[in-house]
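See below for the structure under consideration.
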Amino acid sequence: MGPIKEYVRYETRRQFLSRGSNAVSWAAFASLLGRDGLLPASAEAGESKGNAGVDRVPTGGKGHAPLLHFAPKAKQVIYLHMVGGPPQMDMYDYKPRMGEFYDKDLPDSIRMGQRLTTMTSGQKRFPIAPSRYRFARHGKNGMWVCELLPYTAQMVDDMCFIRSMHTEAINHEPAITYMQTGNQVTGRPCLGAWVSYGLGSLNDNLPTFVVLVARPTNTEQLQAISARLWSSGYLSGEHAGVSFRSGGDPILYINNPPGVPSAVRRDTLDGLRALNELNSRLVGDPETHTRIEQYELAFRMQASVPELTNIGAEPESTYRLYGEAARRPGSFAHSALLARRLVERGVRFVQIYHNNWDTHFNVAGRLPDQCRDVDQPCWGLIQDLKARGLLDETLVIWGGEFGRTIYSQGGLSHQNYGRDHHPRCFTMWMAGGGSRPGAIHGETDDFSYNIVKDPVHIHDFHATVLHLLGFDHRRFTYRYQGLDQRLTGVEPARVVKELLA
């Protein structure tokens, strides 16, 4: 919802009439209404369709009725972000020729003077570190998968692999911000906030956008994860992600303080609402209404959240899907199970962050733990969604903020090595939600260093996700500081149609 739509939503009749004191004002205001889609199509210069010539499809979202540009394939998203950058050549981007290059320097013809991080730029040499793990082909599509991912290997025909993702960001803070918000500079709305803004809520008793931060088994090198990653930026505050804690109460202060019954809390909220509505009538500030709605949502969540997070009623078959780790609150498996329960109850966007993928050293000691954390739960989540008839309408995304280098950071042996950040190519995958099952898109060179076929930029990826949700990324905008802001920015971006079912 742009500022004009928000203004119309909350403007009182008295405020409106006091500002429309002449015919020119009325005419200008009517023009703005038409531009922002608030007049009937028949009133907009005789057009029978929306402003850009596409049929208008109301989504029925809570609080406002945004307009889709075309029929969506997905209506919910589960985004699994591997914080730190998974090593693509150790998991999905099989490079058998690297065995011949063990401990040889990365050729200058491959690097081509590309930027390095300060962590390896001072190395005297860049020795090639072939993956120490075995790979095999799986599924009808013949996708190569590492031995550390036996469950994932069973469902490659349900997955859509992108082996040619790339980014300009080479360090974690700008890279993860870029992946989440479409911009390396903080302060922009994240993907989940855009989805909340565009689609609205499917459930009055839970947030539209929920964030879960899973605890990895191995905690050797954790990256910072903060609420700025699920901020609503310049969008209304109601579109920010709501973080559920991994231990204790899922949300702080969700329960009443000792000695305060629900009736007293209800009376308190009614009093606050009356004061906020009085303030709204005086100043017409949309954020006041956001505050009212958030208080009311918090009150309703007192009943919905305990039921949601109580997984004790899940049958044993659930734990055979997700693994025994799903019984441990805060584990990735437990978070994946909660993600299914959340989308089952109408949450639009669920983001799970899983840390410790920043493998600058000790790949052999850390990667098996990382893969074990996510392998079976990801498989279980896809199978669970499929069995419940939810996979077709739920887009599942897996990936990090960049990839890793084929050359070793620090010491190198056949048994162990480290890998630095690498923005030039990395692997992500999707499943369900209108993505093409069994697709393998993009190729990298023999060193998994440069893309040689079908590159996919972050903006292209975001444009594709928005397309699956029913939005044209070029027209899905929000007016802020005099500009029509959008997730994909101002540089060219395209929908990768090869990834669509």
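The values are calculated or read from the model by the stated rules, or taken from the named source; none is laboratory data. This structure is a prediction, so every number in the text was calculated from the model and none was measured. With ideal geometry, Cβ positions are generated from the backbone for all residues, glycine too; neighbour counts draw on all protein chains shown.
Some observations on this one:
- Residue identified as small (Gly, Ala, Ser), within 19 Å of Met91 (Cβ to Cβ) and buried (at least 21 other Cβ atoms within 10 Å of the Cβ) among Ala153, Ala214: Ala214
- Yes/no for Ser201 being without any contact (Cβ under 8 Å) to a residue 60 or more places away in the chain and either of a type in the set (A, V, I, L, M, F, W, C) or in the same structural domain as Asp472 (by TED's automatic domain parsing) (or both): no
- Meets criteria (polar (S, T, N, Q), in the same structural domain as Ser435 (by TED's automatic domain parsing) and crowded, with 24+ Cβ neighbours inside 10 Å) for Gln370: yes
- Entirely in the range 66-182, the strands (runs of 3 or more DSSP E) that have 2 or more residues that are under 21 Å from Val456 (Cβ atoms) and at pLDDT 95 or above: 76-82, 143-146, 159-166
- Residues of the range 444-501 that turn out to be buried (at least 16 other Cβ atoms within 10 Å of the Cβ), among the acidic types (Asp, Glu) and in contact with an Asp or Glu (Cβ under 8 Å, 6 or more places away or on another chain), as a count: 0
- Listed here are the strands (runs of 3 or more DSSP E) enclosed by the range 403-465 that have at least 1 residues being touching a residue at least 60 places away in the same chain (Cβ under 8 Å), in the same structural domain as Met143 (by TED's automatic domain parsing) and more than 24 Å from the chain's Cα centre (by Cα): 403-408, 419-422, 451-453.
- Leu468 vs. criteria more than 26 Å from Gln223 (Cβ to Cβ), touching a Pro at 6+ places or on another chain (Cβ under 8 Å) and hydrophobic (A, V, I, L, M, F, W, C): yes
- If you filter the range 328-356 down to residues that are more than 17 Å from the chain's Cα centre (by Cα) and assigned to a loop (DSSP other than H, G, I, E, B), you find that the one that is nearest to Leu191 (Cα to Cα) is Arg345.
- Residue check, Val185 in a loop (DSSP other than H, G, I, E, B) and not polar (S, T, N, Q): yes
- Looking across the range 225-266, the residues that are at pLDDT 90 or above, in a loop (DSSP other than H, G, I, E, B) and of a type outside the set (S, T, N, Q) come down to Ile225, Gly233, Tyr234, Leu235, Ala240, Gly241.
- Residue within the range 303-312 that is modelled with pLDDT under 70, part of a helix (DSSP H, G or I) and among the polar types (S, T, N, Q) present: yes
- Scanning the range 312-328 for residues that are under 16 Å from Asp373 (Cβ atoms) and among the charged types (D, E, K, R) yields a count of 3.
- Residues that are under 29 Å from Trp379 (Cβ atoms) and touching an Asp or Glu at 6+ places or on another chain (Cβ under 6 Å), drawn from the range 405-430: Thr405, Thr427
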